[in-house]
Amino acid sequence: MNGSRTLDVAHLPDIGFGDRSPLRWGMLAMIAIEGAGFALLAATYLYLRSRVPHWPPGVPPPSLLYGTLNLGMILLSAVPNEITKRASRRMDSAIAVSGLAICIVWALVLCAIRFLEFGALNVNYDTNAYGSIVWFLLGYHTTHLITDVADSMVLLWFALRGPLDGHRMVDITENAVYWYFVIAAWIPVYLLIYVAPRIV
Amino acid sequence: MSADPQPAQPTALDRERTELGATWAETPGWMGWLSAVDHKTIGRRFILTAIAFFALGGLLAVLMRLQLARPEQRLVDADLYNQLFTMHGSTMMFLFAVPVMEGLGIAMVPLMVGARAIAFPRLVAFGYWMFLFGGLFLWISFALNIGPDNGWFSYVPLAGPAYGAGKRADVWAQMITFTELSGLVVATSIIVTIFKYRAPGMSLDRMPIFAWSELVTAGMILIAMPAVMVASTALILDRLIATHFFNQAEGGDPLLWQHLFWFFGHPEVYIIFLPAQGMMSTLIQTFTGRPIYGYIALVLSLVSTGFIAFGLWVHHMFATGLPQVGESFFTAASMMIAIPSGLQIFCWIASIWRGRIQWKTPMLYALAYFFVFLVGGLTGVMLAAVSLDLQVHDTFFVVAHFHYVLIGGSIFPLFGALHYWFPKLTGRMLSERLGVIAFTLLFIGFNLTFFPMHQLGLLGMPRRVYTYPAGLGWEGLNLLATAGGALMALAVITYAINVVWALRRGTHAAANPWNAGTLEWATASPPPAYNFHPVLVVRGRDSVWTDPDPITVIGLSCARREVLITRVVDANLDHRFESPTPSIWPFITAIATSILFIGSIFTPWAVVWGSIPVAIGLIGWFWPGSKSAPQEPTGAVIRERLA
């Protein structure tokens, strides 16, 4: 171990954003896991659909209002989300933290609309297999809404409490990446729940 | 570099090692024991716990063999027998095979890639506790006569609300949630460790093949395990709140269960199998004393096996009356997987051909693989044909086949690898003499147990029957299989004696007792808490062999748990990162999560109120600690070396 040549790493920075951060890769793994969950639920939906002659079987399709409202709202939430993400990326803590707060309020509104959505599905989970999978799909996505709101609130709490350092900024960036996943997942789920029963 | 730095240098290095040792030490006391985050500690716990479950599962196998040794025995009744084979399969798959493979990955991968720590160590600790609690939950339930009894795949409608009265099927379904959650978080950590924690210069094409196999396995876990979690959740929902996923009468479909289960279940076989292929490459390389032949081909085989494994699941369902076109597709895919497997075997044969075999115990296990796995592979190709599959479906032929594949393809390499890495894990050498005895007993016992089962299956003996009448011509072969089972038990006992003896009296292991080429052998046995100091720069594959005087890293802090983050593909320097300190919160969170999981068997509201303690646990876990500011690093060595 009398190495004559050395590599000095003392000059390296203490944090890295984006795909330089281990956290990003952990986040991608989590998105892969949960994305696989969505894909399998979608496959289950289509499989059950292929087993019966009429779809939805014996019940009207879900009412469009709340789900579509949610679709519009969740797509628009990309705006504050992107602002927050960029602010944290350039270590602008004032905008990053207030952006995070706005995102939380926005997501709480989405949760409220989601609550109404369940009532507008026009089927219960124990009515038939169609009802079961529709509730499972919507419930699975709702779990993502709720957990994201919860962990955003904890993140905001930590940010306000301090220290508001680079690590916290990386956390806020990755939280925003996760929210993009929640947005992206809603599009196919919306199509399955609201559009699929209306096309033969 | 000064003219003569030798007298001063060790002292500076020693001082730094002392400081690093203090920085990376676990907290003392029983709280510290519950708070451990060192990947070597967690890895050892995973391996030890998994082996304990292996022993329990093996005990069940012995009971089953005793029951079947003679016709019309009354040692156990049908109900207990159903629990025995269900518990045996579930234990071996979920509580032994996957966790032990992951445990070795947790313990060895960070060392093999030259890292100071595993990524997300608290998550790995959480994964261990979830695994342990899930296993205890299953076995305590079994002890209370609520052990699952529907087979390790828990088919509906047998496991559904109409036939599966009581809580037995729920215990199985929730045990799945425990172990799969554990598997998923560990897979995440292994992937990130491999992508971001590799030593500088260890580009992906210089990475040890075992790390590659763990990477592909972890990727498969991410995609496969959600399937069984979706399935088991739907099963619990059907049973608890009367949903109709699998209820034919209300538009559900029992076959949906089989699709979801086997979309997980077949990749699961490869999740167990691929790390063992990595072990084979490792053992063959070390015990032939030269770099493995066909590195690129071996890596591509692992990756392509990982992909093809997702296109095979329907071959478990050939007897369910699926459309013939579909069956043909899955027959073709099932046969296609023989291509990468065959490629690997030819690479290994070429390696052995060109090298000189050292006849150590681990190599014996590796060589046994060729015979045992070949037999399992051949019957696999046979079973891929629908016509033959229909003939022997649900007979002992299938039991023989998958034990040849799983034990031959996984357990033999695993036992070899455990013998091989034992010095690195514990600092002691296993006895070669006892090792050879255990191997010989296992090899003979295994073939004696399972080879006759091929014939039993062809003679028509079905699986999962608790007894059989005399006069069918099955007696002799069954007795032979039971005798073989006794030898296997003896082999495992011998292995255990070897381990206990080595831990007490075994010779202390040198850093590189097998003269191997990969990085885990470049540090002490057992390695210090910080794994490497100095961290090494990698300039080629098997750098212990090819680079005896490596470039070393300076400038990492000794005062905080600093790890080096590198780029995904080429492992160029990126940044320094502080690894989390020990914490009790992963343990607390695991307890809270266990309460939620077990509660939700009884009431859906457990998910609601149970999530509150889980949230508290997570908040404590991520509570902003006093992240120390980056220190001016390692002054002593820098100054002395650059003087």
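What follows is calculated from the coordinates using simple rules that are stated; it is not laboratory data. This one's a predicted model, so the numbers in the text were calculated from it and none came from an experiment. Cβ: placed from backbone, ideal geometry, glycine included. Neighbour counts: every protein chain shown.
Values as computed for the structure displayed
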{"read-out": "Per-residue mean of C-beta atoms belonging to partner chains within 10 Å, peptide A:15-27", "value": "6"}
{"read-out": "Span-like helix ranges in chain A, DSSP H, alpha carbon extent 15 angstrom or more, Kyte mean at least -0.5", "value": "A:22-51, A:64-76, A:93-119, A:129-161, A:166-190"}
{"read-out": "Sorted by Cβ density within 10 Å, fewest first, the residues A:I172, A:I187", "value": "A:I187, A:I172"}
{"read-out": "Residues whose placed amide H lies under 5 Å from that of B:R428, excluding near-sequence neighbours", "value": "B:A509"}
{"read-out": "Highest to lowest packing among A:68-80, B:274-286, scored as the average C-beta count within 10 Å", "value": "B:274-286, A:68-80"}
{"read-out": "Phi to ³J(HN,Hα) by Karplus 6.51 cos²θ - 1.76 cosθ + 1.60 over the stretch B:307-316, Hz, x for Gly, Pro", "value": "6, 4, 4, 7, x, 10, 4, 5, 5, 7"}
{"read-out": "Positive minus negative residues near B:L260 (Lys, Arg vs Asp, Glu; Cβ under 15 Å)", "value": "-3"}
{"read-out": "Cβ-defined net charge surrounding B:T286, 13 Å radius [Lys, Arg +1; Asp, Glu -1]", "value": "+2"}
{"read-out": "Other protein chain Cβ atoms within 10 Å, averaged over every residue that makes up B:239-245", "value": "5"}
{"read-out": "Loop-located chymotrypsin sites (Phe, Trp or Tyr not before Pro) in the stretch B:408-495, at most 10 other Cβ atoms within 10 Å (DSSP)", "value": "none"}
{"read-out": "Ranked by how many other beta carbons lie within 10 Å on average, peptides B:352-360, B:155-163 from highest", "value": "B:155-163, B:352-360"}
{"read-out": "Span from the the stretch A:80-141 Cα centroid across to the the stretch A:1-47 one, whole angstrom", "value": "24 Å"}
{"read-out": "5 Å-binned pair-distance histogram of the stretch A:34-198 (Cα, whole percent)", "value": "2, 9, 18, 19, 16, 12, 9, 7, 5, 3, 1, 0"}
{"read-out": "Dipole of the stretch A:108-182, positive direction: furthest Cα of A:W157, A:H167, A:Y180, with charges on the beta-carbon", "value": "A:W157"}
{"read-out": "Sequence-distant lysines (8 or more away, or on other chains) whose Cα lies within less than 24 Å of B:K196", "value": "A:K85, B:K40, B:K424, B:K627"}
{"read-out": "Angle between chain B longest axis and helix B:412-426 axis [Cα atoms, degrees, rounded to 10]", "value": "30 degrees"}
{"read-out": "Test item: Cα-centred dipole of the stretch A:7-58, Lys/Arg +1 and Asp/Glu -1 on Cβ, debye", "value": "460 debye"}
{"read-out": "Principal-axis tilt of helix B:78-90 within chain B, Cα atoms, nearest 10 degrees", "value": "30 degrees"}
{"read-out": "Positive dipole terminus of chain B, leading residue within B:Y155, B:L237, B:A50 (C-beta point charges)", "value": "B:A50"}
{"read-out": "Prolate/oblate/rounded label for the protein assembly as shown (Cα gyration tensor, a/c 1.5)", "value": "oblate"}
{"read-out": "Positive-end residue, chain A charge dipole about Cα centroid, Cβ charges, pick of A:A101, A:C111, A:A32", "value": "A:A32"}
{"read-out": "Magnitude of the charge dipole, chain B, Cβ model with Lys/Arg +1 and Asp/Glu -1, debye to 20", "value": "1260 debye"}
{"read-out": "15 Å beta-carbon shell around B:T217, net charge (K/R +1, D/E -1)", "value": "-4"}
{"read-out": "Burial ordering of B:K167, B:K40, fewest other beta-carbon atoms within 10 Å first", "value": "B:K167, B:K40"}
{"read-out": "Dipole moment magnitude, nearest 20 debye, the protein assembly as shown about Cα centre, only Lys, Arg, Asp, Glu C-beta charged", "value": "1120 debye"}
{"read-out": "5 angstrom amide H check on B:T395, placed H, neighbours 5+ away", "value": "B:R463"}
{"read-out": "Average other protein chain Cβ within 10 Å of Cβ, residues B:445-452", "value": "0"}
{"read-out": "In degrees, nearest ten, helix B:9-24 long axis to first principal axis of chain B (Cα)", "value": "40 degrees"}
{"read-out": "Semi-axis lengths (Å, descending) of the ellipsoid that matches the C-alpha gyration tensor of chain B", "value": "43, 30, 22"}
